[in-house]
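Only the coordinates and a few stated rules stand behind these numbers; no lab work does. Computed from a predicted model, the values in this text were never measured in an experiment. Glycine also receives a Cβ, built like all others from the backbone with ideal geometry; neighbour counts cover every protein chain displayed.
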Amino acid sequence: MKRLHAFLFLLVFSNTTIAADVNQDTLDHILAEIKSLNEKVSALEARLAQYEEVAEVSNAVPPTAVAYAASNPPPKGNKDKWYENLRIELRKADVRASGDWVNPDAWDKLALKMKPEEVVAILGEPMDKKFSIRKDTDEIFIYEGDLDGQGNTIKGEVRIYKGKVNKILAPSF
């Protein structure tokens, strides 16, 4: 009978020790996960702060629009034409600020077999990137905008095949 009591005592005591070890391992694992999540949150907050800084700068009113508004105050009577001209100036300034693709000289710098990164360095980020099902094109960089602010959109394309430029369709300025 003493052996049975001793065996049961040993069994209960060893289970308690094993349970304590398992609980400690679980706690260590949870603490490691919390530390990892805190590091990820900190990194994401830092990235968000960078994007917010960029967004604040890019949403600023273009200097050309401010100059237009300062040199052409709204008339006292019919303001419709004035606001239309201001809208056109804002649209033009927005497109012109979208990258160097608006300059014909930049398109002249492009060459076949350039890398896509070189194209972006010369023209700026494209307005759109499309993947192609054509056999000779993998991706198309599209540059387009209304340079005169009158609703006349111009468009240029750079076609990429196997990581190199294989066709350049410059806009007709």
**Request:** Would you kindly work out the equivalent ellipsoid of region 99-173 from its C-alpha gyration tensor and give its semi-axes, the square roots of five times the eigenvalues, largest first in whole Å?
**Result:** 21, 14, 10
**Asked** What net charge do the residues around residue 144 carry, taking every other residue with its C-beta under 11 Å from that of residue 144, with Lys and Arg at +1 and Asp and Glu at -1?
**Response** -2
**Complete:** Any residue on another chain or 5+ positions along whose placed amide H is under 5 Å from the amide H of residue 145 is listed here as 154
**Complete:** Residues 36, 98, 71 in order from fewest to most other beta-carbon atoms within 10 Å are 71, 36, 98
**Request:** Take the Cβ-Cβ distance between residue 83 and residue 153 as r, set R0 to 25 Å, and report the resulting FRET efficiency rounded to the nearest 0.05.
**Result:** 0.70
**Request:** Please report 173, 141 as a ranked list, fewest other C-beta atoms within 10 angstrom at the top and most at the bottom.
**Result:** 173, 141
**Asked** Between residue 67 and residue 117, 0.36 nm times their residue separation minus their Cα-Cα distance comes to what?
**Response** 14.5 nm
**Asked** Quick one: 82, 101, fewest Cβ neighbours within 10 Å first, how do they rank?
**Response** 82, 101
